[in-house]
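Structure record follows, encoded as structure tokens.
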Amino acid sequence: MRLLLSAERFEKGAIAENLATHRRAMEQARAAGCALAVFPEMSLTGSVGPATHAERLLALDGPEVDALRALTAELGVAALFGVAESDPYITQVLATQGRIAGVQRKRHLGEGEEAYRVSDSDTTFTLDGTRFAVAICAESHVDRAFAHAPAVAARLVCFTAAPGLHGRRNTEEEWRAGWDWWRSAGLADVRRHARAHALWIAIATQAGATADEDFPGLAALVNPAGTVVAQTPDWNAAALVVDVPVVD
């Protein structure tokens, strides 16, 4: 299964700009023969929260999600994208052929996400005959999302994230430090889960400076031995095309 993993910038509350970023990535995915474009946590809305900007949260049946759903029909590429949902949940949505095919809401919240609700549902996604599961950012700290995959005979997990960096990044050294931290935190967690559960894990992380927060940026593929077999070279916004040898 060929995937495009997005490690790109998604501005907070900038729906039109973020939709354009999704379109460009999906066009790149189509050109590369990808079945699925994987976007970071809260990619459509940007990393927003109900405590500070409730007006920026989106309903899954609203026009913004409809616009992205429609892109999957227009471009012929499925999208796994992130939404700060109005319920409010932090949600990852699979859209394909113009329809929503599955939703995973975050089951384990991170620091500063206390205003969101916690889901207690595990979703199994299927695309082109391949089953996979989804883990979202702080869920790397616990086993549940990754243990769910082998329990349903899925060998792939898509790990989507938007880990805000403490403090703004103004120099290359500061950006490198943030990127190095994420590789020692989220990526290290993923490698451990991959080994523990014999999983392929595909990572898509928000990148760059937004209005009031910076993100470390990383797209990577980890194999069942916990080895990073492909990754973006640094913290700059980029997309990574990978082949995952998983067919059910």
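Given (1) part of a helix (DSSP H, G or I); (2) of a type in the set (A, V, I, L, M); (3) farther than 28 Å from residue 191 by Cα, where does residue 145 come up short, assuming only one miss?
So residue 145 meets the others, but not (3).
Can you tell me which residue among 223, 170 is in contact with a Phe, Trp or Tyr (Cβ under 9 Å, 6 or more places away or on another chain) and more than 16 Å from residue 136 (Cβ to Cβ)?
Matching residue, one of 223, 170: 223.
Go through region 45-77 residue by residue and tally those that are at pLDDT below 95 and of a type in the set (Val, Ile, Thr).
Adding up the residues that qualify gives 1.
Can you tell me which residue is farthest from residue 231 (Cα to Cα) among those in region 1-33 that are surrounded by fewer than 22 Cβ atoms within 10 Å (Cβ to Cβ) and polar (S, T, N, Q)?
21
Can we say residue 109 is aliphatic (A, V, I, L, M), within 19 Å of residue 37 (Cβ to Cβ) and either in contact (Cβ under 8 Å) with a residue 12 or more places away in the chain or in a loop (DSSP other than H, G, I, E, B) (or both)?
Spelling it out, it is not the case that residue 109 is aliphatic (A, V, I, L, M), within 19 Å of residue 37 (Cβ to Cβ) and either in contact (Cβ under 8 Å) with a residue 12 or more places away in the chain or in a loop (DSSP other than H, G, I, E, B) (or both).
I'm checking my understanding of the structure. Among residues of region 145-175 that are within 21 Å of the chain's Cα centre (by Cα), more than 22 Å from residue 104 (Cα to Cα) and without any contact (Cβ under 8 Å) to a residue 60 or more places away in the chain, which one is surrounded by the most Cβ atoms within 10 Å (Cβ to Cβ)?
The residue in question is 165.
Checking residue 225 against (1) in a loop (DSSP other than H, G, I, E, B); (2) among the small types (Gly, Ala, Ser); (3) closer than 29 Å to residue 49 by Cα, which test does it fail?
Answer for residue 225: the failing condition is (3).
Pairs only if they're at least six apart or on different chains, beta carbon under 6 angstrom, first in region 82-98 and closer than 11 Å to residue 160 by Cβ and free of Cβ contacts under 8 Å to residues at least 12 places away in the same chain, second in a strand (DSSP E or B) and basic (Lys, Arg); list them, first residue then second.
Final answer for the pair search is none.
Cβ contacts < 6 Å: first residue within 17 Å of residue 32 (Cα to Cα), restricted to region 226-248; second residue in a loop (DSSP other than H, G, I, E, B), any location; separation 6+ or different chain. Result?
Between residues of region 226-248 that are within 17 Å of residue 32 (Cα to Cα) and residues that are in a loop (DSSP other than H, G, I, E, B), the close pairs are 238/232; 240/232; 241/32; 244/1.
Being part of a loop (DSSP other than H, G, I, E, B) and surrounded by fewer than 17 Cβ atoms within 10 Å (Cβ to Cβ) is the filter here; which residues of region 228-245 pass it?
233, 234, 236, 245
Residues being outside any helix (DSSP H, G or I) and either surrounded by fewer than 22 Cβ atoms within 10 Å (Cβ to Cβ) or touching a Ser or Thr at 6+ places or on another chain (Cβ under 8 Å) (or both): count how many of those fall in region 50-97.
Keep residues of region 50-97 that are outside any helix (DSSP H, G or I), which gives 57-62, 76-97.
So of that shortlist, the ones also either surrounded by fewer than 22 Cβ atoms within 10 Å (Cβ to Cβ) or touching a Ser or Thr at 6+ places or on another chain (Cβ under 8 Å) (or both) come out as 57-62, 76, 78-89, 92, 95-97.
Final tally of qualifying residues: 23.
State the number of residues belonging to region 120-141 that are under 17 Å from the mean Cα position of the chain (by Cα) and assigned to a loop (DSSP other than H, G, I, E, B).
So the count comes out to 3.
Kindly indicate which of 148, 141, 108 is out of contact with any Pro (no Cβ under 7 Å at 6 or more places or on another chain) and closer than 15 Å to residue 200 by Cα.
Result: 148 is the single residue among 148, 141, 108 that is out of contact with any Pro (no Cβ under 7 Å at 6 or more places or on another chain) and closer than 15 Å to residue 200 by Cα.
Tell me, which residue of region 4-33 that is touching a helix residue (DSSP H, G or I) at 6+ places or on another chain (Cβ under 8 Å) and outside any helix (DSSP H, G or I) is farthest from residue 83 (Cα to Cα)?
The qualifying residue farthest from residue 83 (Cα to Cα) is 4.
The values are calculated or read from the model by the stated rules, or taken from the named source; none is laboratory data. Values in this document were obtained by computation on a predicted structure and should not be read as measured data. With ideal geometry, Cβ positions are generated from the backbone for all residues, glycine too; neighbour counts draw on all protein chains shown.
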